[in-house]
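Reviewing the structure listed below.
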Amino acid sequence: MMRTRPLKVALLGCGVVGSEVARIMATHADDLAARIGAPLELAGVAVRRPSKVREGIDPALITTDATALVKRGDIDVVVEVIGGIEPARTLITTAFEHGASVVSANKALLAEDGATLFAAAEKHGKDLYYEAAVAGAIPLLRPLRESLAGDKVNRVLGIVNGTTNFILDRMDSSGAGYSEALDEATALGYAEADPTADVEGFDAAAKAAILAGMAFHTRVRLDDVHREGLTEVTAADIASARRMGCTVKLLAICERAADGKSVTARVHPAMIPLSHPLASVREAYNAVFVEAEAAGQLMFYGPGAGGPPTASAVLGDLVAVCRNRLGEATGPGESAYTRLPVNSMAEVVTRYHISLDVADKPGVLAQVATVFAEHDVSIDTVRQQGRLDSEGLGGEASLVVVTHRAPDAALSGTVEALRKLDTVRGVASIMRVEGE
Ligand code: NDP
Ligand code: HSE
């Protein structure tokens, strides 16, 4: 039975994502109505610059007063695609207070203060859906929250930022420069309003916090996630990875400790073997492995950024929330009952690829090996290549050490000690190695 009275949707933000949400709502109106059981009506669009021409949108719907829009009282669903912490947070909580459910793509806000949003949704008996906040078009949060609700997830690992994957892919495959690749990603609508969020790893860390919280049924905030961006990754690192049969990716890794009593979440660049499925994730695509006790290893792959892919995820949530609304039900809220502590990076067990500039003379290798042994770090491989010094006389070498798995504290302690050796002229690069 189709209800004739439409469900009213308020769109907050009409940029890269919002404009696509409005376009799909208009062009697929009949299908969406049939799937929901009621037509959708775009009741208002809040923006910052009202005079900007917005194709396909009735200018009468445009407002700069987002607060008045969410307070109207007749809005069924607010779609928040403004981004950032404020005014998005206040607008979302106000929407709940005035009877609306909310669909958001705002990972920064969910990771910073999801607790406030979940509490407000629960208090007012409304839905908060946010599939688009992690990995663009890829259905990932709903499988974690619903399909895997009967299993025990132990690890989530993947590429969750399209912009940085695009940059690394361009640098690796076409030799493009960092700035040039970032400009291209921005022009394609992949980057955040402030691309620092992408390249410094904040965006991926926010997604890691959301994924870890959902996977392990605990609360993980942005500050709990160890974060390193890709600004320190050099062309030399990428070339060195190639020589080892690896490529460099910015990874998000969320793990349950072996004893099950704590979790970790981290984002950092890492070398992965070219044979690993993540190595072939190109451009702005994302891919995420989920390891669950009974299910085993699952891989989710698809477009991770951009207007249409993200709008697809927003529309999926919009349909789900509208169906709930018509059925006078709400979907699952936050599940944080395990209250597991989040351990620091020091306790994470990982592997390092360390590239050192050393004096090429007897005993140096032994000195270096001793430092590793003193920190209880086992060496997997060593590669040394002599080279000429600045006067063309030789006497310097490049030493590349790859370790076995060890606690990050031991690995970083080793690097600090290596820096103090007279024979170590410099630490050219340090990168973790994952996926083996
Ligand atoms: P844009 O910067 O392209 O769009 C932001 C929109 O919000 C613009 O329409 C802007 O208005 C409007 N806006 C900004 N401030 C206000 C305000 N105070 N009141 C009313 N409107 C305001 O961002 P995106 O569309 O790229 O991203 C939106 C959200 O989606 C963010 O949370 C982002 O992290 C998330 N996201 C983005 C993805 C992507 O690939 N781009 C993918 C997944 C999630 P105006 O048009 O007038 O400037
Ligand atoms: N800036 C984000 C990215 C958008 O590049 O992945 C998708 O969340």
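So the values come out like this:
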| quantity | calculated |
| --- | --- |
| Inter-residue pairs, beta-carbon under 6 Å, first under 19 Å from THR93 (Cβ atoms) and in region 124-136, second polar (S, T, N, Q) and not in a helix (DSSP H, G or I), 6+ apart | LYS126/SER101; ASP127/SER101; ASP127/THR330; TYR130/SER104 |
| Qualifying positions in region 168-222 - more than 12 Å from ligand 2 (Cβ to nearest atom) and of a type in the set (Val, Ile, Thr) | THR218, VAL220 |
| Of all residues making up region 366-381, the number that are touching a strand residue (DSSP E or B) at 6+ places or on another chain (Cβ under 7 Å), surrounded by 15 or more Cβ atoms within 10 Å (Cβ to Cβ) and part of a helix (DSSP H, G or I) | 2 |
| Residue match in region 286-296 (condition: open to solvent by 30 Å² or more (accessible area, probe 1.4 Å) and of a type in the set (S, T, N, Q)) | no |
| Tally of residues being open to solvent by 20 Å² or more (accessible area, probe 1.4 Å), charged (D, E, K, R) and touching a residue at least 40 places away in the same chain (Cβ under 8 Å) across region 183-221 | 3 |
| Among (1) β-branched (Val, Ile, Thr); (2) within 11 Å of ligand 1 (Cβ to nearest atom); (3) within 30 Å of ILE272 (Cα to Cα), the one test that ILE82 misses | (3) |
| Top-ranked residue in region 244-259 [being more than 24 Å from LEU222 (Cβ to Cβ) and in contact (Cβ under 8 Å) with a residue 24 or more places away in the chain; ranked as surrounded by the most Cβ atoms within 10 Å (Cβ to Cβ)] | CYS246 |
| Failed criterion for VAL377 (all others in (1) touching a helix residue (DSSP H, G or I) at 6+ places or on another chain (Cβ under 6 Å); (2) in contact (Cβ under 8 Å) with a residue 40 or more places away in the chain; (3) more than 14 Å from VAL433 (Cα to Cα) hold) | (2) |
| Matching entry among THR264, THR310 (being β-branched (Val, Ile, Thr) and either touching a Cys at 6+ places or on another chain (Cβ under 9 Å) or surrounded by fewer than 18 Cβ atoms within 10 Å (Cβ to Cβ) (or both)) | THR264 |
| Residue in region 42-61 that is more than 29 Å from the chain's Cα centre (by Cα), assigned to a helix (DSSP H, G or I), touching a residue at least 12 places away in the same chain (Cβ under 8 Å) and in the same structural domain as ASN106 (by TED's automatic domain parsing) present | yes |
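The values are calculated or read from the model by the stated rules, or taken from the named source; none is laboratory data. The structure displayed is predicted, hence computed values, not measured ones. Heads up, the Cβs are rebuilt from the backbone with ideal geometry, glycines too, and the neighbour counts pull from every protein chain shown. Note: accessible area is taken over every heavy atom of the protein model, side chains too, but ligands, DNA and RNA are not part of it. Shrake-Rupley method; radii C 1.70, N 1.55, O 1.52, S 1.80 Å.
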